[in-house]
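Visitor: I'd like to ask you about the structure that follows.
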Amino acid sequence: MTKFADLALDPRVLQAVSETGYETPTPIQEQAIPPALMGRDVLGIAQTGTGKTASFSLPMITLLGQGRARARMPRSLVLCPTRELAAQVAENFDTYAKHTKLTKALLIGGVAFGEQDKLIDRGVDVLIATPGRLLDHFERGKLLLTGVQIMVVDEADRMLDMGFIPDIERIFQLTPFTRQTMFYSATMAPEIERITNTFLTNPVRVEVARQATTSTTIEQKLFEFTPSRKDRSFTEKRAVLRSLIRSEGEACTNAIVFCNRKMDVDVVAKSLKSHGFNAAPIHGDLEQSVRTKTLDSFRDGSLTILVASDVAARGLDIPAVSHVFNFDLPSHPEDYVHRIGRTGRAGRQGKAFSLCTPADGKYLGAIESLVKMAIPRGAVPEGAVEDAGDRPDRPREERRPRSGGREGGRDSSRSRGGDRRDTPREDRPAREERAPREEARVTAPPREDRAEEQRTPRPERSERPEPRRDDRRDDRRDRNERGNDRGGRDDARVVGMGEHVPDFILRSFAITPSPVDEAEDAAVAAEA
């Protein structure tokens, strides 16, 4: 049996590996390390959890043992799809290179540019980065990639799913064509194969397991159930999840629950916490400091259940995960392989349980077609759907009634309709009659008076006496004063002017024709 001492690694690297407790390499490490030490390009295809990180970090540290890094020109580059995976690779590098003088820098989002610029300015041997942040530094003129000797692309199929392939192609073009390239992926999509044919030179293909296969150390089960109503599917699925966790008992030491949407991650984590489970969410919308703290808590055991999106599905090495629960079946079948690969790592036994409703039928068919097997079915625990509320489990008699008094959580006088239906009509309090508003209204004259007015002829317009200007001004002022006495409700008032009406508005102007105009009018009349 091959051991690490037989792989021609640097003695300082072998010392660090032995201190971690590893003696025998995994199949991909055994097959990938020798050609990597020879400087050949490597194309590694292996399922998650097989030790791909050590298969490229150990030979990289050995090859970089000679030489020195220059400012802003890293000697090697490792590209990772997510921040968590990049941080994990950086931790592994610190573990395996602790007896050497190699330096590293981690370029990920959510961290200030200043500290990263300082590390790059001093010069680093290993640069571990996500594609977006790496190009940000390059476009700011803080980084040169012309000195890269070794380039590693980890989880290439995840890069494809996240839309990083254009960035990967650009980064390849920025590095020297004489570089050594190591390309690792769990699956080989046509787009991934096109990139390897373009940028890898006569690579050594290392395939330790059939593509898209699941580990034999993982016990898989599928729990199918039909919700009572379509609008209660999400609620009842949470109840089934809690029942499955309780049914495992002490065997479920810790677990990762995967959801498809970020908002569902928050809801499921909150639901589990309200029912007494030690759970916390992690997804891409959280601050990097919160994500790091949550992941560290899950690693050290202070957090039991990690509710995650697919940001935690790839590459995270948490060896002691006992269970994985697929709250939602992934829309991409390859993600199923990566999700359940978080358990059953390093030879340990693990369990992967998936929830399925009739609406998930197409996703289930794609997954079983990919893994070339039918996932074994399991029985939903009895009574799981009955307790489908998100309230903590308590005896039924202790639960608050829905209506009536303050025990229902709301005063009965504020209930919208429950108490009103229960109260007889004759016992309901009568509504207080509202006092009519006192409004100044103009009383119409009696019908007889109006008839008399109609019989009395009105004088013609020309016969009405024309009031003088001063009389009109006084009359208008009197009407405004009467309107103000009645609260300002008078139709005769000048809107917007009040009592102060400018004099020029009330004046009448007579237009007198000029002599010139009279002469012109006379000439026109004579011609006609």
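Every number here is computed from the coordinates shown, using simple stated rules; none is lab data. Remember, it's a predicted structure, so these values are computed and weren't measured experimentally.
Visitor: Residue-wise, which Karplus ³J(HN,Hα) couplings in Hz belong to segment 368-379, taking 6.51 cos²θ - 1.76 cosθ + 1.60, θ = phi - 60°, and x for glycine or proline?
Guide: Working through the residues one at a time gives 5, 5, 6, 7, 6, 7, 8, 5, x, 8, x, 8 Hz.
Visitor: Please list the non-local residues whose amide H lies under 5 Å from the amide H of ARG205, H modeled 1.01 Å from N, same-chain partners needing a gap of 5 or more.
Guide: LEU43
Visitor: If you don't mind, another one. Could you state the number of Å between the C-alpha centres of segment 295-367 and segment 78-138?
Guide: 27 Å
Visitor: Which whole-Hz couplings ³J(HN,Hα) result when phi for each residue of segment 141-156 is put into the Karplus expression 6.51 cos²θ - 1.76 cosθ + 1.60, θ = phi - 60°, listed in order with x for Gly and Pro?
Guide: Those phi angles translate into x, 9, 8, 10, 10, 6, x, 6, 9, 10, 10, 10, 10, 9, 6, 5 Hz.
Visitor: Around MET182, which amide H atoms from residues at least 5 apart in sequence, or from another chain, sit under 5 Å from its own amide H, with H modelled in the peptide plane?
Guide: VAL42, MET151, VAL152, VAL153
Visitor: Here's a follow-up. Using θ = phi - 60° and the Karplus curve 6.51 cos²θ - 1.76 cosθ + 1.60, what whole-Hz ³J(HN,Hα) does each residue of segment 167-182 get, with Gly and Pro shown as x?
Guide: Result, ordered by residue: 5, 5, 4, 5, 5, 4, 6, 7, 9, x, 6, 8, 5, 9, 10, 10 Hz.
Visitor: Reachable lysines from LYS273, Cα under 19 Å, same-chain residues fewer than 8 places away excluded?
Guide: LYS237, LYS262, LYS293
Visitor: Let me check against my output: what whole-number percent is the relative contact order of segment 4-207, with C-alpha pairs under 8 Å and at least 6 apart? Display every interim value, and only then the final one.
Guide: Working: 357 pairs, mean separation 59.7, N = 204.
Answer for segment 4-207 is 29 percent.
Visitor: Normalised by the residues of segment 218-391, what does the relative contact order come to in percent, with Cα pairs under 8 Å and at least six apart? Before the final figure, lay out each step's value.
Guide: On the way: 306 pairs, mean separation 63.8, N = 174.
Rounded, it is 37 percent for segment 218-391.
Visitor: Which of the lysines could a cross-linker span from LYS372 if the Cα-Cα distance has to be under 26 Å and same-chain partners fewer than 8 positions apart are dropped?
Guide: LYS52, LYS221, LYS351, LYS362
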